[in-house]
1. Only one of (1) assigned to a helix (DSSP H, G or I); (2) under 26 Å from Ile210 (Cα atoms); (3) open to solvent by less than 100 Å² (accessible area, probe 1.4 Å) fails for Lys271. Which number is that?
2. For segment 220-233, which positions are surrounded by 15 or more Cβ atoms within 10 Å (Cβ to Cβ) and either hydrophobic (A, V, I, L, M, F, W, C) or not in a helix (DSSP H, G or I) (or both)?
3. So, Asp54, is that one within 22 Å of Ile18 (Cβ to Cβ), modelled with pLDDT under 85 and open to solvent by 70 Å² or more (accessible area, probe 1.4 Å) or not?
4. Quick test for you: out of Ser196, Ser242, Ser208, pick the one residue that is touching a residue at least 12 places away in the same chain (Cβ under 8 Å), assigned to a loop (DSSP other than H, G, I, E, B) and surrounded by fewer than 18 Cβ atoms within 10 Å (Cβ to Cβ).
5. Given (1) loosely packed, with under 12 Cβ neighbours inside 10 Å; (2) part of a loop (DSSP other than H, G, I, E, B); (3) at pLDDT 55 or above; (4) not hydroxyl-bearing (Ser, Thr, Tyr), identify the lone condition not met by Gly145.
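The values are calculated or read from the model by the stated rules, or taken from the named source; none is laboratory data. Predicted model only: the values in this text are computed from it and were never measured. Please note: Cβ atoms are built from the backbone with ideal geometry, for glycine as well, and neighbour counts cover all protein chains shown. Heavy atoms of the whole protein, side chains included, go into the accessibility calculation; ligands, DNA and RNA do not. Shrake-Rupley method; radii C 1.70, N 1.55, O 1.52, S 1.80 Å.
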Amino acid sequence: MVETIDMTNNSDHESSMIHFTRVRHTISPYLPPPVLNLMSSIDSNPSMQNMIGDEPSMVLFVALLTIALMGKVIKLFSLITSGKAVEGLDDDAPEGHVLSELDKAKSDGKQEESYDDSVVLFGPSNSGKSVLFHTLISSPNKKDGDQKIKLPNTVMSLKANVSVVKNETGENGGGNSAAVRLVDYPGHVTLSSHLSSLLTPTTNHKNSTIRGLLVIDSTKSVSDAAALLYHTVLTNAKLLDSWEKKKDNFHIMVVCSKADETKTKNWRRIKIQLKTELEKLKKISSSVASGSVTMEGTASNEM
């Protein structure tokens, strides 16, 4: 009876090893040489064969893949159950509700709070826009001698945050105050179409001006920020035409966030990388435009 069980176990083990061998032969033509060399060195190691079996490299590969998939599942489950991973995700049409906070006062019948100028914070997701937003709206209320500003925990949002900050000039300034509207625009890629409406000068505030703050994570690549700046602002004909009609220039300040973290890049390096990415996007757009013109010309000639 014992011998029969051992034979069954050996048969199952051999079957699984044959399966691993077939998988290895199937994927080997698609793997780069360094990976193949690593697998060969693992399979030829006697100690690995004694501990794992005849296909140690494939067993390790399947184990690592299983761990990675389990990690993704756990992360997805935690995001779903927390309910705070993405603010505004429960809306039926989150893209249409991105400016809901700006229109909230109008829908409630309340008078819109007056302001002199507007500053729009925009940039890729997780670049530090909301932290900067809460820092700016908390700074005027911070008195001398107060401790460090306590900022709330921020999450990815699909809605724009808005606040009007008033800076009292005091007795020396005659008691006047200047009000600035701050807008924290979400960085989700599907919401970039609404950003240009906030950067366009309006007729409601003729004497006011709009400024942009492009927030870039100093620890990451600037490619996403460059793409957002290029496609939403620099090549937006309607936006540029509105500023030209106003006979004014649209100013954008680039803010490098998370400069206190490790492996951060200084502002000079980010400036060079941002300029390089914008030049790449310009060349790609020019190539696509010239290519389309050539195709149209060829098609018309053939017809």
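1. The number of the failed condition is (3).
2. Across segment 220-233, the qualifying residues are Lys220, Val222, Ala225, Ala226, Ala227, Leu228, Leu229, Val233.
3. On the way: within 22 Å of Ile18 (Cβ to Cβ): yes; modelled with pLDDT under 85: yes; open to solvent by 70 Å² or more (accessible area, probe 1.4 Å): yes.
Answer is yes for this residue.
4. On the way: Ser196 fails: assigned to a loop (DSSP other than H, G, I, E, B); Ser242 fails: assigned to a loop (DSSP other than H, G, I, E, B).
Residue meeting the stated conditions: Ser208.
5. Failing condition for Gly145: (3).
Matching residues to (1) closer than 14 Å to Gly187 by Cβ; (2) surrounded by 13 or more Cβ atoms within 10 Å (Cβ to Cβ):
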site	(1), (2)
Ala237	no, no
Lys247	no, no
Ser257	yes, yes
Asp260	no, no
Glu277	no, yes
